[in-house]
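The structure appears right after this line, and notes come after that.
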Amino acid sequence: MKIVEVKLPDHSYNVEIETGILNCTGQLVSSVWQQRKIALISDSNVAPLYQQQVADSLEAVGFTVHNYQFPAGEASKSLTVLADLTRDMAADGFNRDDGVVALGGGVTGDLAGFVAASYMRGISLIQIPTSLLAQVDSSVGGKTAVDLDTTKNIIGAFHQPDLVIIDPNTLQTLYRRDLVEGYGEIVKESALTDGQLWDLVKKIQSPEDIIENAEELSELSIQYKADVVMADEKEGGLRQVLNFGHTIGHAVEALADGDLRHGEAVSIGMVAISRIFEEKGLTQAGVTDKLIDRLDAVGLPLTSPLLDDDAVFDKIKNDKKNRNGHLNLIYLHQIGGPAIKSIPSDEIRDFLNIKTLQR
């Protein structure tokens, strides 16, 4: 078993990674939680595959499990679904000594995580991510949230889990597109850190290679993110580098209205921001081509017609990370050399240059 330790000032936990580990869920959870009532929350895609298996494992060691399910998709990251789940848990008598287990992809982790963060002002949480995107990104770090209208993750809280359980076997049931979009975040983290993870990413030539190297890709990606989170839990400084590709990516994702996956939008965002900064001489020549090579190898999108839409700048300007009238753009000096450039919000359009984005 591969274990990544996340040690924070007020809360520490392990990320445990092993093929087939889902069958040991009950034993693993009982190592960090005393017997209690568990809200096992999953979506309509994942629940038929794994919810009963996990519930049986938990009940075998004495936990009382209530299975909850919501419709799959980003649209469920809403105040309406949050209220529905909270109402159901209250009706089933959940109290502050009980816990939530989030079983599923990024939407489940964000939504169920925020249920745990807000129910009775916060109850215990365990994450069991089943998608590659959730395994290497959203399940670690404590970010939980729901969307409001077209603004992603605008209502949320930092709520660290007590344990993260990752079984690479769950990737076998993903559609290829879902697998590949998660790899976009791995490429992002490899470009930020260089070293062993970038070396491994350079060997990936197909979606099949992702599956074959899933354990090591997850371990190295999560270790990098854990190191960043441990240095900056609440995103006051260093943790902002994890937003590489996200400022433009989130704008394009919002305009796509569900037609682009998060990892696909981040791929487009990384290429766009790197091309812009490379032309300005702030990113080393050739970095964009290196990113394109790694993203294109598995079929991730490199650009989008939505970059032609003037509304993309309104989305960028109103990004939730806008602070005091400035937006921090994350870019690379070189592979393994992230940097932050603060730009006044009213200068974003001129700085990014729509002609560059339209390529």
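Quick notes on this one:
- Links that overshoot a 19 Å alpha carbon limit, given the list 280/341; 2/225; 203/280; 203/290: 203/280
- The angle between the Cα long axis of helix 176-193 and the main principal axis of the chain comes to about 70°, on a 0 to 90 degree scale.
- Ranked list, fewest to most other Cβ atoms within 10 Å of each Cβ, for 89, 120, 270, 230: 120, 230, 89, 270
- Modelled spin labels at residue 7 and residue 91, positioned 7 Å past Cα toward Cβ, are 4.5 nm from each other.
- Alpha carbon convex hull of the chain, volume per residue in cubic angstrom: 120
- For residue 124, the residues whose amide H sits under 5 Å from its own are 100, ignoring neighbours fewer than 5 places away on the same chain, with H placed 1.01 Å from N.
- Each residue of region 243-256 is assigned a 3J(HN,Hα), and the resulting list reads 8, 3, x, 7, 4, 6, x, 4, 5, 5, 4, 5, 5, 6 Hz, derived from the Karplus form 6.51 cos²θ - 1.76 cosθ + 1.60 (θ = phi - 60°), x at Gly and Pro.
- In region 1-91, the inverse of the mean reciprocal separation of distinct Cα atoms equals 14.9 Å; this is its Kirkwood hydrodynamic radius.
- Dipole-positive endmost among 50, 288, 243 within the chain (Cβ charges, Cα centre): 243
- Cα-derived Rg over Rh, computed across region 176-357 with Rh taken as Kirkwood radius: 0.94
- The calculated 222 nm mean residue ellipticity attributable to helices in the chain amounts to -12000 deg cm²/dmol, summing -39500 (n - 2.57) over DSSP H runs of n ≥ 4 and dividing by all residues.
- Full-extension gain in nm, residue 175 to residue 215, via 0.36 nm per residue minus C-alpha separation: 12.6 nm
None of the figures in this text is laboratory data; all of them are computed from the coordinates on show. Values in this document were obtained by computation on a predicted structure and should not be read as measured data. Reconstructed Cβ throughout: ideal geometry from the backbone, glycine too, with neighbour counts over all protein chains shown.
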